[in-house]
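Asks: Shown below is the structure under consideration.
The values are calculated or read from the model by the stated rules, or taken from the named source; none is laboratory data. Only a predicted model underlies this, so the values are computations on that prediction, with no experimental measurement involved. Heads up, the Cβs are rebuilt from the backbone with ideal geometry, glycines too, and the neighbour counts pull from every protein chain shown.
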Amino acid sequence: MAADPSAAAGQSSEDEAAAFFRSAPPLRDRDRVAGELSEFVTRHSAATGRGGGGLAGVVCITSGGTTVPLEQRCVRYIDNFSSGQRGAASTEYFLKAGYAVIFIYRRGSKQPYCRFLPEDSFLDFFELGEESEIKVPDSHAMVVKTAISNYRKAIDEGLLLKLPFTTIFEYLQLLQMASTAMNCLGHHGMFYLAAAVSDFYVPWESMAKHKIESASGPLNMQLNQVPKMLFILRKRWAPSSFCVSFKLETDPDILLQKAEVALRKYGMNVVVANELANYKDVVVMVTGNGRTTVVRRPSKEDDVEEQLIHLLVKMHSEHIVQLNQHHHAL
Ligand code: PAZ
């Protein structure tokens with residue numbers, strides 16, 4: 001019998017992923033993070049679906065760019081473009097739509113409910129009163145009050161779990177842990193993978209331990225390909241989940257074609273395609289059978305994420321209904 005080439009490709013992705021995790025420096029606080037994930041998912045799994053607690057689902061949102069260290073005691077690294085704005089905004093809209101959110105974010109990137117704070121000086125939002133008490137000027141009071149109350153509500157109701165990463169090693173370990181923890185949610189679990197993830201990295205064991213010397217002339221280094229973890233998420237970690245990934249390109253002529261390849265190759269439910277030049281204003285949702293839906297930012301005061309999340313939540317709930325009907329019919 002002829003060997004199945006896709007099975008062979010799948011096996012090699014799995015082998016590469018296993019090698020990646022074996023050599024990656026283990027996540028600091030791994031046990032604490034695993035405990036938090038398990039507690040969060042268990043608490044919410046009772047409230048989704050047949051549990052009847054009224055939760056729309058649990059979504060894992062990834063946000064911000066991963067770094068690739070060049071030295072084990074890292075002084076220099078390669079970074080990826082992403083401010084975390086999309087992930088932070090989307091977290092707010094998913095919470096509003098009744099989801100519990102696992103927010104896996106790059107340390108120092110944009111945070112939910114803080115997107116409107118001034119970037120140059122956070123202190124611009126405050127004034128000192130006569131008694132040296134801290135006041136928010138009237139012009140900003142509404143934005144700050146709403147942000148505090150929405151954030152507190154999400155935290156107090158236990159609906160938001162925030163997990164930070166910096167390197168590609170930390171990011172992929174967190175994604176693996178979150179996905180395997182969410183597997184028990186079946187199709188009520190959703191992944192919204194907006195992080196900009198490095199495609200190339202230096203394996204830990206071949207990385208210089210100390211700061212690379214500049215006296216030895218030009219630097220030549222070879223970067224390995226990061227294993228395609230979307231494939232493994234889909235196949236092994238959380239196969240029944242609803243998966244949305246993002247594709248960013250600078251060349252508009254290849255964008256949709258690349259998004260369609262990702263949709264098929266990794267078995268995503270939706271790939272959101274965006275172009276660097278206008279990614280804040282327009283995104284294209286690519287779904288099965290070559291269908292595309294263009295989502296535009298309605299005005300400068302709004303953001304594109306509101307409509308995008310609205311459509312995704314609708315698709316996810318239709319997906320759940322369809323699968324439930326299918327199970328009942330069997
Ligand atoms: O974080 P941000 O709001 O500045 O940018 C969001 C984005 C462009 C990184 C995201 O929409 C995206 O496309 N992420 C996937 C990037 C990739 O193809 O690796």
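Asks: Residue under question is T250, and the condition is that it be farther than 13 Å from L193 by Cβ and surrounded by fewer than 13 Cβ atoms within 10 Å (Cβ to Cβ); does it hold?
Replies: yes
Asks: A further question on this structure: Would it be correct to say that Y105 is touching a residue at least 24 places away in the same chain (Cβ under 8 Å), touching an Asp or Glu at 6+ places or on another chain (Cβ under 7 Å), outside any helix (DSSP H, G or I) and not basic (K, R)?
Replies: no
Asks: Pick from region 9-68 the residues that are assigned to a loop (DSSP other than H, G, I, E, B) and in contact with a strand residue (DSSP E or B) (Cβ under 8 Å, 6 or more places away or on another chain): which of them is farthest from M190 (Cα to Cα)?
Replies: Step by step, filter region 9-68, then rank; the result is T66.
Asks: Would you please list the contacts, defined by Cβ atoms under 7 Å and residues six or more apart or on different chains, that run from a residue in region 295-308 that is closer than 16 Å to A194 by Cα to a residue that is basic (K, R) and assigned to a loop (DSSP other than H, G, I, E, B)?
Replies: Between residues of region 295-308 that are closer than 16 Å to A194 by Cα and residues that are basic (K, R) and assigned to a loop (DSSP other than H, G, I, E, B), the close pairs are D303/R297; V304/K280; V304/R297.
Asks: Tell me, which strands (runs of 3 or more DSSP E) wholly within region 220-330 include 1 or more residues that are out of contact with any Phe, Trp or Tyr (no Cβ under 9 Å at 6 or more places or on another chain), of a type in the set (V, I, T) and over 19 Å from L185 (Cβ atoms)?
Replies: On the way: elements: 242-249, 270-275, 282-287, 291-296.
Strands (runs of 3 or more DSSP E) meeting the threshold: 282-287, 291-296.
Asks: Let me ask something else. Out of all the residues in region 27-46, is one or more at positive phi and more than 16 Å from the ligand (Cβ to nearest atom)?
Replies: Yes, region 27-46 contains at least one residue that is at positive phi and more than 16 Å from the ligand (Cβ to nearest atom).
Asks: From K265, K209, which residue is surrounded by fewer than 12 Cβ atoms within 10 Å (Cβ to Cβ) and of a type in the set (K, R)?
Replies: Exactly one of K265, K209 is surrounded by fewer than 12 Cβ atoms within 10 Å (Cβ to Cβ) and of a type in the set (K, R), namely K209.
Asks: Note down all Cβ pairs under 7 Å where the first residue falls in region 22-44 and is more than 11 Å from L174 (Cα to Cα) and at pLDDT below 95, the second is charged (D, E, K, R) and part of a helix (DSSP H, G or I), and they're at least six residues apart or on different chains.
Replies: Taking only residues 6 or more apart or on different chains, the pairs are S23/E205.
Asks: Kindly indicate the residue of region 191-206 that is more than 16 Å from the ligand (Cβ to nearest atom) and hydrophobic (A, V, I, L, M, F, W, C) and also surrounded by the most Cβ atoms within 10 Å (Cβ to Cβ) among those meeting that condition.
Replies: Among residues in region 191-206 that are more than 16 Å from the ligand (Cβ to nearest atom) and hydrophobic (A, V, I, L, M, F, W, C), the one surrounded by the most Cβ atoms within 10 Å (Cβ to Cβ) is V202.
Asks: Quick one: what pairs do we get from region 108-132, first residue surrounded by 10 or more Cβ atoms within 10 Å (Cβ to Cβ) and modelled with pLDDT of 75 or more, second among the small types (G, A, S) and outside any helix (DSSP H, G or I), C-beta under 6 Å, 6+ apart or different chains?
Replies: Going by the 6 Å Cβ cut-off, the qualifying pairs are S109/G64; S109/G84; K110/S83; K110/G84.
Asks: Scan region 97-113 residue by residue and report those that are more than 15 Å from the ligand (Cβ to nearest atom) and farther than 20 Å from H187 by Cα.
Replies: Pass one, region 97-113, residues more than 15 Å from the ligand (Cβ to nearest atom): 97-102, 113.
Result: Y113, single match.
Asks: Restricting to region 110-156, count the residues that are in contact with a Phe, Trp or Tyr (Cβ under 6 Å, 6 or more places away or on another chain), in a helix (DSSP H, G or I) and not β-branched (V, I, T).
Replies: Total meeting the criteria: 4.
Asks: Then there's this: Taking region 229-247 as the search range and keeping residues that are within 16 Å of the ligand (Cβ to nearest atom) and more than 27 Å from N278 (Cβ to Cβ), which one is surrounded by the fewest Cβ atoms within 10 Å (Cβ to Cβ)? Give the derivation first.
Replies: Looking only at region 229-247, we keep the residues that are within 16 Å of the ligand (Cβ to nearest atom), and these are 229-231, 233, 243-247.
From the residues that got through so far, the ones that are more than 27 Å from N278 (Cβ to Cβ) too are 229, 231, 233.
Values: M229: 22, F231: 17, L233: 27.
Of everything passing the filter in region 229-247, F231 is surrounded by the fewest Cβ atoms within 10 Å (Cβ to Cβ).
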